1. Relative to the longest principal Cα axis of the chain, at what angle does helix 2-17 sit, 0 to 90 degrees, rounded to 10?
2. What figure, in Å² to the nearest 10, do you get for the accessible area of S369 with a 1.4 Å probe and non-protein molecules left out?
3. Considering only C-alpha atoms, what is the centroid distance from segment 257-294 to segment 350-423, in Å?
4. Taking a probe of 1.4 angstrom, what is the accessible area of E178 in Å², to the nearest 10?
5. What's the local net charge at A166, with K and R +1, D and E -1, over the other residues with C-beta under 12 Å away?
6. Computed from these coordinates, which is Rg and Dmax of the Cα atoms in Å: [x] 22.0, 86; [y] 22.3, 77; [z] 20.3, 64?
7. For the chain, take the longest principal axis of its alpha carbons; what is the angle in degrees between that and the long axis of helix 219-231, to the nearest 10 within 0 to 90?
8. To make sure I understand the rule: partners must be aspartates and glutamates, Cα under 12 Å from the Cα of K326, and not fewer than 8 residues away in the same chain. Which ones qualify?
Amino acid sequence: MLTSMKSFIAVLLCATLTPQSWAASLTLAKPDDVGFSAERLKLIHPLIQRHIDAKDLTGAVTLVARKGKVVHFEAQGAIDVEGHPMRTDTLFRMASMTKPITAVAVLMLMEEGKLVLSDPVSKYIPEFKNPKIAVWTLPNDPHGAGMRLVQADREVTLQHILTHTAGLAVSTEGPAGEAFRRANIVPGQTSPAEFSKRVGALPLNFQPGTQWQYTGTYGFAVLGRVVEIVSGMNLDQFFKQRIFTPLGMNNTFFNIPAARLGDVATVYTQSPQSLVKQNPAPPPPAGAEFFSGAGGLTGSAEDYLQFCQMLLNGGQWNGARLLSRKSVELMSDNAVGDLDLSNYPEPGQNLRGYGFGLGVRVRKSNGASGWLGSVGDYGWAGANGTYFWIDPKEQLIGMVLMATHVGILRTEFPNVVYQALVD
């Protein structure tokens, strides 16, 4: 009996001494306690409902936290066109919201002295050695005149990929586009090792570091392979052991458990007539596993909030420190100077006034973007509609998760959140 009582007291003391963490079901704080107007926050609901009523999407989960307290957490609509209700614990296919997690993995290995960001990718994947640059034969008639290859004057580094300045061919556009098309590299249809080798053998669209071009499903998949090589674990194992378990992210997966498949919001694309169910990616060939650092995670709003709060807290949360404060500062600082982000393929969001850090866009100017935020806020989005940002100045986290790409919500939702600040 005495032993049991001592064990109970020890557990109680640990719970008392552990930094604030959220329970499985989030408890909402009073908005007024952290500088929000409760009345003005209510504008979030009709904003989302208008898009549901317009059949832009079936439903969404929205979340707002400030100073470590959640002041808004709501599920609206349905997870599918059949009308199964959206819940706050619904799972969403995060797509490129995987990328900031991969960036954190790289920074963790950097802190351990196992790599530096200026490392050439060829140090880990030899096919990236001595890259070639594709250039148009006639700049004024690029498609009609073809292209030629010239030697790059520098190698692609880890930081180039982290900042989307590597010049990787990621579509049939650009001078290296035809080589990309012929290569027919499909993520998930081979091993990460073979995939990265084939990407490394392609010519580049420009000299590394001289332009910004989003690398979609390719660049960060290569970074995921680097994490595997350096850590000796596959990416799924690294994420689980080094990030998800310490942060209590128990509902984030590469491979969704069979028991949770019914909790996943169905992904749709928009057509003029209706929402069209998106065909799932084909399964990998037998014996090939592919955990992509560029996308592929499925998770809940509450889980991703743990990750965001870790970053906002300078690298620690839920009793665990993943990064130093200085590494978070490095990640969230503009690393691309005045390079233009206007070629980001997102019609619903203006990225003028933004630079790019390590896996996240970073606001440099308030006025240039035309939508509300703070200089220094950072975040990213997923192709299926998921979006988050972190605002260190306001100690604020915002998130809207959906399973249909409605780009304008990436502007509308922050506007509605920030207008509710009253302190």
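The values are calculated or read from the model by the stated rules, or taken from the named source; none is laboratory data. Everything numeric in this text was worked out from a predicted model, so none of it was measured. All Cβ positions, even for glycine, are placed from backbone atoms using ideal geometry, and neighbour counts span all protein chains on display. When the accessible area is computed, the model is the full protein with side chains, heavy atoms only, and any ligands, DNA or RNA have been set aside. Shrake-Rupley method; radii C 1.70, N 1.55, O 1.52, S 1.80 Å.
1. It works out to around 60 degrees.
2. Probe radius 1.4 Å; accessible area of S369 about 10 Å².
3. Between the Cα centre of segment 257-294 and that of segment 350-423, the gap is 26 Å.
4. For E178, solvent-accessible area is about 80 Å².
5. Cβ neighbours under 12 Å give a net charge of 0.
6. [x]
7. Its long axis makes an angle of about 80 degrees.
8. Candidates past the 8-residue exclusion: E111.
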